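The numbers here are math on the coordinates, done by the rules we state, and not lab data. The structure presented is a predicted model; accordingly, all values stated were derived computationally and were not measured. As a convention, Cβ positions derive from the backbone with ideal geometry for all residues, glycine included, and neighbour counts pool all protein chains shown.
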Amino acid sequence: MGYFVGGYAPEKVSYCNPSAPSGLAYCVTLSAYHSHHMLGPAARYETLLRQAGVSRTYIPPTCKMFSSVTGQEIEAEDCTPMYWKDNMVSTVLFSQALSRSIGAHPAIGAVVEIGPHPALKGPITEMLKGLDKTDVEYFHTFSRGKNDFVSLLANIGALIAHGAQLSLAKVNADIDPSKPGSPGYKFGSLLTDLPRYQWNHSQGFWAESRMSRRVRFRQCPRHQLLGSRRLDDVPTHPGWKNNLLLKEIPWLADLKVSMSVSKVE
C-alpha cells in the first residue's frame, strides 16, 4: 500500500512505505481536496496508484454507478488511476450525479449515505425537495460520537421498517475471513434443543375492574323490553338499560294514547 503527503507545491510530496502489500494508495494532504491545490501531487498520485496495482476492473454490474467526478453514469472499467486522479483535482459534481441517479430510478424509495457521519443529509434532503421527491426517505450508516455497530443496526432496522428488502441473514451474520469471497459470511443456526421454560401461573397480576369483569362474564341475555343489565349496578339494586325502536319492536305501535305513540322510558 502506497502513501504520500501532498500539498500545493510538488516538493511537498514524499512517498513512503514502498514495500507494503499492493492495494489502494492514499493521499494525506494539508491542502484543499477536489481543487486545483491538488494539481501538484496529481501526477505522482496517479503513478503511485498504478504501482499499487490499481487498474481497470471488469466486473459484471449489479447496480448503476453515478460519478461525482463526471456527473454521469459510469462503469467499473472507468475507475482507472486517471479517474481517481481527476477525482482529486476536480470539483465535486454531487448534485448532478444524485439527480441523474434519481432520474434513472423512478421508483426510488430511499437514499442511503454510506460514510462515517451523515454529512450530506442536508444537501440530499434539499435536493429531494427540489426534485419533488419528498416521499423518498434518507438513511445513513454511521454517526460521529455514536457506537458504529449500534448506529448501523438502528439504520438497518429503520430501512426494514420503511419496506426495504434486505438480506437479514447477512445483516445478522459475522464476517468469516477463512471463507472465500469478499467478504465471506458465517451464519448462525436456530437452537431447537433449549430446555422448556417452566411458566408459573399460580399467581395472577391482572387487576380487573368490576365493570370489565361483568362484560366478559355476562350471565343474562338482553331482554326485548328491559334491555341489558347496567354495568354499574349492584346486586341489591339491579338496573337495566334499553333503547326502544319501532323497527325492532313493531307491536309498540299499537300502544297509542290520544292517537300518538306513547313515549316509554
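In terms of surrounding Cβ atoms within a 10 Å radius of their Cβ, Glu77, Glu248, Glu46 rank from fewest to most as Glu248, Glu77, Glu46. Dividing the radius of gyration of the alpha carbons in region 111-187 by their Kirkwood radius gives 1.05 for Rg/Rh.
Contact order normalised by length for region 111-187, with contacts defined as Cα pairs under 8 Å and 6 or more residues apart; what percent is it? Intermediate results must be reported in sequence, preceding the final value.
Values: 73 pairs, mean separation 17.3, N = 77.
Averaging sequence separation for qualifying contacts and normalising by length gives 22 percent for region 111-187.
Could you list Cys220, Cys79 so that the one with the fewest beta carbons within 10 Å of its beta carbon is first and the one with the most is last?
Lowest count first: Cys220, Cys79.
Within region 111-187, count lysine pairs with alpha carbon atoms under 17 angstrom apart where the residues are 8 or more positions apart or belong to different chains.
Lysine pairs, 8 or more places apart or on different chains, close enough: 5.
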